[in-house]
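Here is the structure we will look at.
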Amino acid sequence: AITGESNAVEKYNRYAEVAIQEGYPNIAYLFRALVVAETIHIKNHRNALNLPHQVQYDDFQPKSTLENVQDAISGETGEHKQMYPRLRKGIKKYRKDKDVKVVDLSLEWAGEVELTHAQILKLALQALSSGKDFAVQKLYVCRVCGNLRMQQSEEICPVCGHDAKFYQEISKTQENTI
């Protein structure tokens, strides 16, 4: 999971650069917000496992923004439908152990959040398919689980259940850190 999320961060940083070069600043903004979200997943997984982990980075070349958005949708969907369910199934028999419960929770949250990421990427793809940039004003990331919202809300996070105050607005112009 850490390797997959780390590769997503690398890809999304490069995809943001391509989007800027091609004149899609809001799609670049979405990719930068996804970098923040995926970084939260990495942090959660590392904290849950409490083990050193060496990341093996994939060799890839970004393509057009359209192809990059399609690739991101495929990756997020695959993580939601296949990777995270498979990982959770693999630890199922150990879930009574309190340390494994933390790992399972980290995997559960990340798996659910990947669906939200794919849904927002699909909205960006719709705009891009009609030759337009993604019409998004602001993006907010839950600092606990990495869930992404397109508007500020007073409601609790639907994934991790934390208060809305844990959502951070992602800057369009500055480096974002959590």
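Quick notes on this one:
- Residue 84 in a helix (DSSP H, G or I), touching a residue at least 60 places away in the same chain (Cβ under 8 Å) and of a type in the set (Ser, Thr, Tyr): yes
- Every test in (1) of a type outside the set (Val, Ile, Thr); (2) in a helix (DSSP H, G or I); (3) open to solvent by 80 Å² or more (accessible area, probe 1.4 Å) is passed by residue 96 save one, and that test is (2).
- Taken as a whole, the structure places residue 105 among residues that are open to solvent by 40 Å² or more (accessible area, probe 1.4 Å), without any contact (Cβ under 8 Å) to a residue 60 or more places away in the chain, touching a helix residue (DSSP H, G or I) at 6+ places or on another chain (Cβ under 9 Å) and outside any loop (DSSP other than H, G, I, E, B).
- Filter result for residue 162 (under 13 Å from the mean Cα position of the chain (by Cα), modelled with pLDDT of 95 or more and surrounded by 12 or more Cβ atoms within 10 Å (Cβ to Cβ)): no
- Being open to solvent by less than 70 Å² (accessible area, probe 1.4 Å) and outside any loop (DSSP other than H, G, I, E, B) holds for only one residue in 35, 55, and it is 35.
- Sub-9 Å Cβ pairs linking a first residue in the stretch 129-143 that is in a loop (DSSP other than H, G, I, E, B) to a second residue that is surrounded by fewer than 19 Cβ atoms within 10 Å (Cβ to Cβ) and among the acidic types (Asp, Glu), at least 6 apart or interchain, are 138/169; 139/169, ordered by first then second residue.
- Condition check for residue 71: buried (at least 16 other Cβ atoms within 10 Å of the Cβ) and charged (D, E, K, R): yes
- Test: residue 17 is in contact with a Pro (Cβ under 9 Å, 6 or more places away or on another chain) and open to solvent by 50 Å² or more (accessible area, probe 1.4 Å): yes
- Residue identified as part of a helix (DSSP H, G or I), in contact with a strand residue (DSSP E or B) (Cβ under 7 Å, 6 or more places away or on another chain) and in contact (Cβ under 8 Å) with a residue 24 or more places away in the chain among 116, 77: 116
The values are calculated or read from the model by the stated rules, or taken from the named source; none is laboratory data. Fair warning: this is a prediction, and the values are worked out from it, not measured in the lab. In this analysis, Cβ positions are derived from the backbone assuming ideal geometry, glycine residues included, and neighbour counts consider all displayed protein chains. Ligands, DNA and RNA are stripped out before the accessible areas are found, and what is left, the full protein with its side chains, is counted by its heavy atoms. Shrake-Rupley method; radii C 1.70, N 1.55, O 1.52, S 1.80 Å.
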